[in-house]
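The values are calculated or read from the model by the stated rules, or taken from the named source; none is laboratory data. Values in this document were obtained by computation on a predicted structure and should not be read as measured data. Here the Cβ positions follow ideal geometry from the backbone for every residue, glycine too, while neighbour counts run over all protein chains shown. Heads up: the accessible areas ignore ligands, DNA and RNA and are worked out on the full protein's heavy atoms, side chains in. Shrake-Rupley method; radii C 1.70, N 1.55, O 1.52, S 1.80 Å.
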Amino acid sequence: MNAADPSPIDLTSAGEALTVDAFNPRRDAWKRFRRNKVAMVGTTWALFISFIAVATVIPGLGSWIQRVSPTKIDLTLRSDGKLGCTLEGPSKAHWLGCDLLGRDLWSRILNGARISMAIALATIIVSLLFAITLGAISGYLGGVSDAIIMRIADIFSAVPYFAVVLAFTSTFGNSIVPLAAAIVTIGWMGSARLFRASVLQTKNLDYIEAARASGLSTSQIIRRHITPNAIQPIVSTLGASIGGAILSE
């Protein structure tokens, strides 16, 4: 065969055809995640803390992990005021010692972690639903819908966080539900703007034009094609959002 010969090159050997595995985005993401040691260590630690916090409500296991009621006061075990130092120190009965009122610190940390995680996950899920829905409508439809949604986001962004919390707790009481509602109220704007920007980049791609030409409705295009391909920036900020919700709580 010379350089000018246009005939195709036979890439098979001994009658065996070359095969290429189909690309699987989930499998590829998992492989890249496993190669990141920092991400693996962080995820393992977060899962461990989550399991310990949730296990406190499991009958049998919870009583062994928590050991002492977080509200039990024993004045004979009061701290002497130095950080990490108690009158009798950490022991089998009190793994991290006790606070100034003789309450078990280990049990109080677990109880607080469970409440913080529950509020954070609930508020993040609801906030993401608002952000994705409003961001998709704003970015895909544009026009009046975009202007109204973004101006509403600007209004909520201008309201101080502390004022929103005071308004909810003074109206509905100082409990978990009003606090979660306050976090949701002020927590969706940033994610909505981020998702809107991602939708604006995605909606003019060729496969979206093909979906429109095939006769799919607007809701079908947003649900099947826009959202799955524009949600990556939201997923990448999910960890920071959970941390921010816990700090806000």
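Of all residues in the range 19-61, those satisfying the criterion of being at pLDDT below 80, in a helix (DSSP H, G or I) and open to solvent by less than 60 Å² (accessible area, probe 1.4 Å) are ASP28, ALA29. The residues of the range 171-193 that are within 20 Å of ALA147 (Cα to Cα) and surrounded by fewer than 18 Cβ atoms within 10 Å (Cβ to Cβ) amount to a single one, GLY190.
Can ARG212 be described as of a type in the set (D, E, K, R) and under 21 Å from the mean Cα position of the chain (by Cα)? No: the conditions fail for ARG212. Annotation: of all residues in the range 228-243 being open to solvent by less than 60 Å² (accessible area, probe 1.4 Å) and among the β-branched types (Val, Ile, Thr), the one that is nearest to the chain's Cα centre (by Cα) is ILE242. Apart from one condition, TYR207 fits all of (1) open to solvent by 40 Å² or more (accessible area, probe 1.4 Å); (2) among the aromatic types (Phe, Trp, Tyr); (3) under 23 Å from the mean Cα position of the chain (by Cα); the exception is (3). For the range 112-129, a residue qualifies if it is among the polar types (S, T, N, Q) and under 14 Å from ALA181 (Cβ atoms), and the qualifying residues are THR123, SER127.
Quick one: would you say ILE246 is surrounded by 13 or more Cβ atoms within 10 Å (Cβ to Cβ), modelled with pLDDT of 85 or more and over 21 Å from VAL126 (Cβ atoms)? Spell out how you get there, then give the answer.
Values: surrounded by 13 or more Cβ atoms within 10 Å (Cβ to Cβ): yes; modelled with pLDDT of 85 or more: yes; over 21 Å from VAL126 (Cβ atoms): no.
So ILE246 does not fit the description; no.
Checked against (1) open to solvent by 50 Å² or more (accessible area, probe 1.4 Å); (2) assigned to a helix (DSSP H, G or I), ALA163 meets all criteria but (1).
Residue-by-condition table, conditions (1) closer than 28 Å to MET117 by Cβ; (2) under 15 Å from the mean Cα position of the chain (by Cα); (3) not hydrophobic (A, V, I, L, M, F, W, C):
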| residue | (1), (2), (3) |
| --- | --- |
| LEU166 | yes, no, no |
| SER170 | yes, no, yes |
| ILE183 | yes, yes, no |
| GLY190 | yes, yes, yes |
| ARG196 | no, no, yes |
| SER217 | no, no, yes |
| ILE226 | no, no, no |
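Give the residue, chosen from THR185, THR202, that is under 19 Å from PHE162 (Cβ atoms) and among the hydroxyl-bearing types (Ser, Thr, Tyr).
THR185
Checking each residue in the range 99-140 for being open to solvent by 60 Å² or more (accessible area, probe 1.4 Å), touching a residue at least 24 places away in the same chain (Cβ under 8 Å) and outside any helix (DSSP H, G or I) picks out only LEU101.
The set of residues in the range 141-160 that are loosely packed, with under 13 Cβ neighbours inside 10 Å and not in a helix (DSSP H, G or I) comprises VAL159, PRO160. Residues that are in contact (Cβ under 8 Å) with a residue 12 or more places away in the chain, aromatic (Phe, Trp, Tyr) and within 21 Å of LEU238 (Cα to Cα) do not occur anywhere in the range 205-222.
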